[in-house]
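Since the structure comes first, as structure tokens, the remarks are kept for the end.
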Amino acid sequence: MHGLTPDRRLRSDRRRKQIRRRRAGALVIVATLSVLAVRLAYALPADTPARVPAAAAQPTFVERASVDRRVIVATAGDVDIMLPVAVDEITAIGYHGAESPDSVPFAPQGECASGGGLTEKLTDLFAAGGMAYCLMGEGADASATGALDIGADPGAEVFAPVDGKVVGVEHVLISGRYKDVEIQIQVADDPTLVLVLSHVAEPAVGLGDGVTQGETLLGRVRAYPAGVTQELSRFTSDAGDHVQLVALRVTPDIAGP
């Protein structure tokens, strides 16, 4: 049997390459149609309600970064609350009353300072291993420490102040008109305590995620709308942007096992 001539061999090679290209193209089309079909199936309304992902019951831990220095800013009951923002990015620490009757007052750490210039006082005290805070409401009783504002520049990273599980990422409105995000964390050391962090941009966690104190990135400090006056600005040299913390006591049936 005679071998193929160079011209016939070249034509045969071209034919095989064309066949392979056609097969590859067909596979791409089939895969694309399959993906579109799955997306369309999920987009169409169903007769039965959507199920909560299993991760909501069994937390999936997301550890993405860590703060440079862990500092306990307050306690809520027997739970230590860590500063959720890196020390060198904090502009002020302030307490005020909380709107919810279920809030658990914070016990502040450090010394109470009054007047302006709190940022400078904080810098000096942090360097010496201490901390300063201000009371922004009237009086100095427990009701004045129901909410904790941690001042920082917009965009500063916000980390988990406690170990726990994310039980809510809620979209809410400030003053009934400005969009905001709340992240709700069920505290591992006390499941009847839920820590709510407000004014968080670019949330990095979802429902059911487990969080580790000082290691799990929750999001970033949001920039407040220019038309909103922030009480913390009385103690800083900026607009007073901050992340707010409120601890809520929940009933055992809500807390779960």
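Remarks
- In order through the stretch 171-184: 3J(HN,Hα) via Karplus (6.51 cos²θ - 1.76 cosθ + 1.60), integer Hz, x for Gly, Pro: 9, 10, 10, 8, 6, x, 8, 9, 5, 8, 10, 10, 10, 10
- Taking amide H as placed 1.01 Å from N in the peptide plane, the amide H of residue 218 sits under 5 Å from that of 158, 159, 160, each at least 5 places away or on another chain.
- Distance cut-off 28 Å, percentage of C-alpha pairs in the stretch 55-255 lying past it: 19 percent
- Computed over the alpha-carbon atoms, the stretch 70-181 gives an Rg to Rh ratio of 0.96, Rh here being the Kirkwood radius from the mean inverse distance.
- Farthest positive-ward along the stretch 191-255 dipole, Cα basis, beta-carbon charges - from 247, 219, 233: 233
- Net charge of Cβ neighbours under 10 Å - reference residue 188; Lys, Arg +1; Asp, Glu -1: -2
Taken together, the values in this text are just the output of simple stated rules run on the coordinates, not laboratory data. It should be emphasised that the depicted structure is a prediction, and the values quoted were computed from it without experimental measurement. Methodologically, a virtual Cβ is constructed for each residue, glycine included, from the backbone with ideal geometry; neighbour enumeration extends over all protein chains shown.
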